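> Dropping the structure in here first, questions after.
The values are calculated or read from the model by the stated rules, or taken from the named source; none is laboratory data. All values reported here derive from a predicted model rather than from experimental measurement. Note that we place each Cβ from the backbone using ideal geometry, even for glycine, and neighbour counts take in every protein chain shown.
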Amino acid sequence: MEIFQYTFMLKAFLAGTLIAAIASSLGMFVVVKRFSMLSDALAHISLLGVAIGFLTSIAPNYSSIAFTLLASWVIEYLRQNNKLYSDSILSIFLSGSLALAIIIVSASASFNTSLFDYLFGSIVAIDDTDIMIIVLLGLICTVTLYANFQRFLYIAFDEESAKASGINTKLLNYLLISLVSVVISVSIKIVGALLIGAMMIIPAIIAMQFSQNFKSSVVYAIIISIVSVILGLFISYYASLPSGATIVVLLLFFFMISLVFKRKQY
C-alpha cells in the first residue's frame, strides 16, 4: 500500500499505537478514580512547560516532562492535604497554566508556530528521538502497571479500605499521577494538548460499558484506542485531515455507537 512506503507514516503508526495502548490503560484508573479532568489539566500544564522550554532554549520535550511532573506532585499533595475538592484544584491548575502559556506566547511571537504543533498535535512529524522516548515510556509503564496492578486497582475503587489494609496509598497515588503526567507530556506533540484527554478517557468509558471486570475493561480500552489510531491515520492520510483530530472524532463516533448498543440491551 502507498501509505506504508513513507517512513514518517510508519513512525506515526508505531508511535500512535504505543501511545494509544499506554494512555488508554492509564485512563482506566483515572476514570475509576473519578479524576477524568486530570488529563486535561496536565495537558495544559504540559503546554506551559513547552512554552517555557522555547522561552529558555531548553528542549521542549524535557522541559514539558519536568514541569508537568513537578506540577502533578503539587496537585497530588494539595489533593491529599487540603479540603479542596479534586476538581477545584484541577480547574485552578488548568486555567492558570493556560493563562501563563498564552502570556509567554504573546511575549515572544517567534515560536508561535512551533507551539501550535503541540496544541493540536502532529503525529506525522515525529522523529527517531520521539520514538525512543515513547518505547522507553511504554516499557516503564508496562512494568510498573504489571507490578502494581492489584494495588492500583484497590486504591482506585476504595482508597480508604486500601489504606486501612496497610497499602501505602500515598506513594501509589504519586506513582500513578507521575505516570499519567509523563505520558501526557510525551503525547501532546503527537496528539495535541487539546485532544490527549479524549484519547485517554473515551476508550475507558466505552470499554467499561461492555466488560464484566476491570481487567477485561483495560484490554477493551486498549483495543478500541489502537483501532481508532490505525483507522484515524488511514483516514487522515487519504482525506488530508489532521491526524489527532480524526482519531478523536473516531473515538467519539465509537462512543455514540456504544451508547446505542448499550440502550438496546435493556
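> What number of residues in region 166-179 are more than 27 Å from Ala125 (Cα to Cα), in contact (Cβ under 8 Å) with a residue 60 or more places away in the chain and either outside any helix (DSSP H, G or I) or not polar (S, T, N, Q) (or both)?
Qualifying residue count, region 166-179: 4.
> How about region 34-71: which of its residues are of a type in the set (S, T, N, Q) and in a helix (DSSP H, G or I)?
Ser39, Ser46, Thr56, Asn61, Ser63, Ser64, Thr68
> Under 25 Å from Phe67 (Cβ atoms) and surrounded by fewer than 13 Cβ atoms within 10 Å (Cβ to Cβ): which single residue out of Thr144, Thr129 fits that description?
Being under 25 Å from Phe67 (Cβ atoms) and surrounded by fewer than 13 Cβ atoms within 10 Å (Cβ to Cβ) holds for just one of Thr144, Thr129, which is Thr129.
> Follow-up question, since we're still on this one. Can you pull out the residues in region 51-76 that are touching a residue at least 12 places away in the same chain (Cβ under 8 Å) and either more than 16 Å from Leu100 (Cβ to Cβ) or basic (Lys, Arg) (or both)?
Asn61, Ile65, Leu69, Ser72, Trp73, Glu76
> Something else about it: Could you tell me which of the residues Phe93, Phe29, Phe4 is farther than 24 Å from Tyr154 by Cβ, part of a helix (DSSP H, G or I) and modelled with pLDDT of 85 or more?
Answer to the selection: Phe93.
> Counting just the residues of region 170-210 that are of a type in the set (S, T, N, Q) and modelled with pLDDT under 90, which one comes out surrounded by the most Cβ atoms within 10 Å (Cβ to Cβ)? Talk me through it step by step, then tell me what you get.
We begin by selecting, within region 170-210, every residue of a type in the set (S, T, N, Q); these are 173, 178, 181, 185, 187, 209.
The next check asks that each one be modelled with pLDDT under 90; those that pass are 187, 209.
Values: Ser187: 30, Gln209: 14.
Here the answer is Ser187.
> A further question follows. Please tell me if Ala20 is aliphatic (A, V, I, L, M), in a helix (DSSP H, G or I), under 17 Å from Val191 (Cβ atoms) and touching a residue at least 24 places away in the same chain (Cβ under 8 Å). Give the derivation first.
Values: aliphatic (A, V, I, L, M): yes; in a helix (DSSP H, G or I): yes; under 17 Å from Val191 (Cβ atoms): yes; touching a residue at least 24 places away in the same chain (Cβ under 8 Å): yes.
So Ala20 passes the test.
> If you go through region 2-16, how many residues are crowded, with 16+ Cβ neighbours inside 10 Å and of a type in the set (A, V, I, L, M, F, W, C)?
4
For every residue, the table says whether it meets (1) touching a Gly at 6+ places or on another chain (Cβ under 6 Å); (2) crowded, with 23+ Cβ neighbours inside 10 Å; (3) hydrophobic (A, V, I, L, M, F, W, C); (4) closer than 21 Å to Leu171 by Cα.
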residue	(1), (2), (3), (4)
Ala21	no, no, yes, no
Ser36	no, no, no, yes
Leu47	no, yes, yes, no
Asn61	no, no, no, no
Thr68	yes, yes, no, yes
Leu78	no, no, yes, yes
